[in-house]
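Below is one structure, written out as structure tokens; comments come after it.
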Amino acid sequence: MNRTALVTEVLERLKRVLPVTDRPIALHEPTFVGTEWQYVKECLDTGWVSSVGNFVDRFAAELASFTGAKYVIPTVNGTAALHTCLKLVPIEPGDEVLVPALTFIATANAVSYCGAIPHVVDSAPDTLGVDPYKLGDYLADIAEVTVEGCINRRTGRRIRALIGVHVLGHPFDVDPIQTICRRFRLDLVEDAAESLGSYYKGQHTGTFGTVAALSFNGNKTVTTGGGGAVLTNDATLAARAAHLTTVAKQPHAWRYDHDAIGYNYRMPNLNAALGLAQLENLPSLLVQKRTLAARYQAAFADLPGVEFVAEPVFAKSNYWLNALRLCDATDGVRDELLEKTHQAGILTRPLWTALHRQQTYQDCPRMALTTAEQLATEVINLPSSAHLGGSNE
Ligand SMILES: *Cc1c(COP(=O)(O)O)cnc(C)c1O
């Protein structure tokens, strides 16, 4: 099939999966069908809209019970959650932190906020997450474990942690990654911003690392408007996270004494109210999203050159964003498809520009990034709002 014929065929199949509407179909829209109005109104009626109020505690408790994480600390957004996670490890200025090339820029920015240096690593084609086998070989080549920790022999700096990202909601291969982290004395930080409702071998993502970050941005599976959360099973780190995200103020009835440079990162009650209502509906959102994913998967099962990005064999994914991989996209199929789908009101998106191609991160230390480079040109994200999977009523 030539390029134009292939693009036409993909577009036809997308139209068969998606509903007929006269307005553009967004990449990911929130679904408000539960108690959102009631809970938000309760905040307004009682005056508890800001950084104190019981919706924040209820939201945290509900998230802990859903994910199985022992402690949950809600924050203003996912980036703030990631930044807090890194301060907890703690990442120190001048440290290097391993970060996959294929991620949203916030993952690397959080490292920079700590005065640390992202060290960019390659992705695996089956998970879109960090490739454990390439990473193991690479570290064996460039790093040395000493009493100071893991030292990058090329830069002389300490490599302190690895941030694993569950890309598009698909869990990365946690077991071999943890083996590497143990071998090289790295803390594992999970960027689970996209993976609420995704499980690795039956365990919820964000509960494997030292700490993890979730996001509740407007385009994520569950939204609080803007919001995030730190997850951890460690009581000391949890207390530290709560302290750091509330300007490190020492508890007292009226005094303003702060024992560290903290952050104003606490989630407001208004956002938590929206989030709590969203969480009540999460199981049904996940069913709708899997239904949509199954329909996309069936629609593209037999089209040569086009692969639906399915959950890895060891995982159950939330299918936050459905995606197609256009193998051998060197001839521009992907870009033509972006063009044609937008003309048809189907608002697809490419994957992110790889980190080492971003102006701010082009000089970072990195390994060969062949898979990430390839995936960045081959993958296209498809409209994935839960309601596109049909109604649950
Ligand atoms: C959304 C996202 C973030 C940041 O979350 P915000 O709530 O937008 O700050 C971080 N990492 C990844 C992989 C994300 O998708």
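The values are calculated or read from the model by the stated rules, or taken from the named source; none is laboratory data. All values reported here derive from a predicted model rather than from experimental measurement. No Cβ is skipped: glycine too gets one built from the backbone with ideal geometry, and neighbour counts run over all protein chains shown.
One residue stands out in the range 363-380 among those that are out of contact with any helix residue (DSSP H, G or I) (no Cβ under 7 Å at 6 or more places or on another chain) and not in a loop (DSSP other than H, G, I, E, B): the one that is farthest from A143 (Cα to Cα), namely V379.
The residues of the range 62-91 that are within 12 Å of the ligand (Cβ to nearest atom) and either surrounded by fewer than 18 Cβ atoms within 10 Å (Cβ to Cβ) or farther than 18 Å from D234 by Cα (or both), listed by number, are V76, N77, G78, T79, A80.
Residue-by-condition table, conditions (1) assigned to a helix (DSSP H, G or I); (2) in contact with a Gly (Cβ under 8 Å, 6 or more places away or on another chain); (3) without any contact (Cβ under 8 Å) to a residue 60 or more places away in the chain; (4) more than 14 Å from V222 (Cβ to Cβ):
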position	(1), (2), (3), (4)
A5	yes, no, yes, yes
V10	yes, no, no, yes
F59	yes, yes, no, no
E62	yes, no, no, no
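Of all residues in the range 304-326, exactly one satisfies the criterion of being surrounded by 14 or more Cβ atoms within 10 Å (Cβ to Cβ), in a loop (DSSP other than H, G, I, E, B) and at pLDDT below 95, namely G305.
Of G94, G68, G47, G53, which residue is free of Cβ contacts under 8 Å to residues at least 24 places away in the same chain and either of a type in the set (A, V, I, L, M, F, W, C) or assigned by TED's automatic domain parsing to the domain that holds T155 (or both)? Matching residue, one of G94, G68, G47, G53: G47. Residues of the range 92-113 that are more than 10 Å from the ligand (Cβ to nearest atom), farther than 14 Å from C364 by Cβ and either in a loop (DSSP other than H, G, I, E, B) or in contact with a Phe, Trp or Tyr (Cβ under 9 Å, 6 or more places away or on another chain) (or both): E92, P93.
Of all residues in the range 211-229, those that are out of contact with any Cys (no Cβ under 6 Å at 6 or more places or on another chain) and within 8 Å of the ligand (Cβ to nearest atom) total 8.
You will find that of A293, A277, A242, A273, the residue that is in contact (Cβ under 8 Å) with a residue 24 or more places away in the chain, touching a Gly at 6+ places or on another chain (Cβ under 6 Å), assigned to a helix (DSSP H, G or I) and within 30 Å of E36 (Cβ to Cβ) is A277 and no other. Does S123 satisfy being outside the structural domain of T370 (by TED's automatic domain parsing), of a type in the set (S, T, Y), within 16 Å of the ligand (Cβ to nearest atom) and surrounded by fewer than 24 Cβ atoms within 10 Å (Cβ to Cβ)? Criteria not met by S123. Evaluate the range 182-192: report whether one residue or more is away from the ligand (no atom under 14 Å from the Cβ), hydrophobic (A, V, I, L, M, F, W, C) and surrounded by 24 or more Cβ atoms within 10 Å (Cβ to Cβ). So far as the range 182-192 goes, yes, one or more of its residues are away from the ligand (no atom under 14 Å from the Cβ), hydrophobic (A, V, I, L, M, F, W, C) and surrounded by 24 or more Cβ atoms within 10 Å (Cβ to Cβ). Could you please let me know if T179 is of a type outside the set (D, E, K, R) and in a loop (DSSP other than H, G, I, E, B)? Criteria not met by T179.
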